[in-house]
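The values are calculated or read from the model by the stated rules, or taken from the named source; none is laboratory data. Since the model is a prediction, treat every value here as computed from it, not as a measurement. Neighbour counts run over all protein chains shown; Cβ positions are idealised from the backbone, glycine included. Keep in mind that these areas ignore ligands, DNA and RNA; they rest on the heavy atoms of the full protein, side chains included. Shrake-Rupley method; radii C 1.70, N 1.55, O 1.52, S 1.80 Å.
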Amino acid sequence: KNILKVLKVTEPNIKYTNDEVEALYGKYIQNKWISESGDLVNEETDAPIFIYVKDGQVDAYAIPISGYGLWSTLYGYFSVNGDGTTVRGITFYEHGETPGLGAEVEAKWFQDNFIGKKIATTDGEFRSVGIVRGKVDNVVNESEKPYYVDGISGATVTSNGVNSFLKEALLRYESFSKRLRAKESVI
């Protein structure tokens, strides 16, 4: 369900049965792994990837993300559009962060901040999406705004953890993202 959610295959206000989830997953999602050279492979590597194929093209892909916040390990998924640059979504499905503070990582307002952000410059140079302390509009200059999201008040340690493990995860998949940005055929 979380993979379908982060890839925007399912509608957020509709409750799906297990059979519907399985049918949608089977119809649209390819489970693959990324080789060191950025190729999609069927053999397990340390880089699993979930490809949303629509009309024979990579519409988006999702990667697992996890790392330590303040009190716990956070687990979730991050997705990027088929352009290899634009963020499609982020979701967290398990954590033990403080309610009302670090636990805001699962809030819609926080997750919606990521939609449309960029993981690469217009020249194709890798950038991660970072969480700032406060509001992006107040602390980041205009040219840097595509790479940052608003922070969670009172959750600096959780935000720093997410910044760190998100960048690490994105770097693991950068060889694949580069190929998408170069408009190479990957499937």
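Screening Ile90 against (1) part of a strand (DSSP E or B); (2) in contact with a Ser or Thr (Cβ under 7 Å, 6 or more places away or on another chain); (3) of a type in the set (A, V, I, L, M, F, W, C) leaves a single unmet condition, (2). Scanning region 134-187 for residues that are under 30 Å from Leu70 (Cα atoms) and either in contact with an Asp or Glu (Cβ under 6 Å, 6 or more places away or on another chain) or among the basic types (Lys, Arg) (or both) turns up Lys135, Val136, Lys145, Ile152, Thr158, Lys167, Arg172.
Residues in region 83-99 that are open to solvent by 20 Å² or more (accessible area, probe 1.4 Å), touching a residue at least 40 places away in the same chain (Cβ under 8 Å) and not hydroxyl-bearing (Ser, Thr, Tyr): Asp83, Arg88. If you go through region 1-24 and pick out every residue that is open to solvent by 60 Å² or more (accessible area, probe 1.4 Å) and under 17 Å from Tyr93 (Cβ atoms), you end up with 6.
Checked against (1) of a type in the set (A, V, I, L, M, F, W, C); (2) closer than 22 Å to Glu174 by Cα; (3) touching a His at 6+ places or on another chain (Cβ under 9 Å); (4) open to solvent by 30 Å² or more (accessible area, probe 1.4 Å), Phe126 passes all but a single condition, namely (3).
Evaluation of Ser153 against the conditions (1) assigned to a loop (DSSP other than H, G, I, E, B); (2) farther than 13 Å from Ile90 by Cα; (3) at pLDDT 95 or above shows that the sole unmet condition is (3).
Listed by first and then second residue, the pairs linking a residue in region 55-67 that is acidic (Asp, Glu) to a residue that is assigned to a strand (DSSP E or B), with Cβ atoms under 8 Å apart and 6 or more places separating them unless they lie on different chains, are Asp59/Tyr52; Asp59/Val53; Asp59/Asn81.
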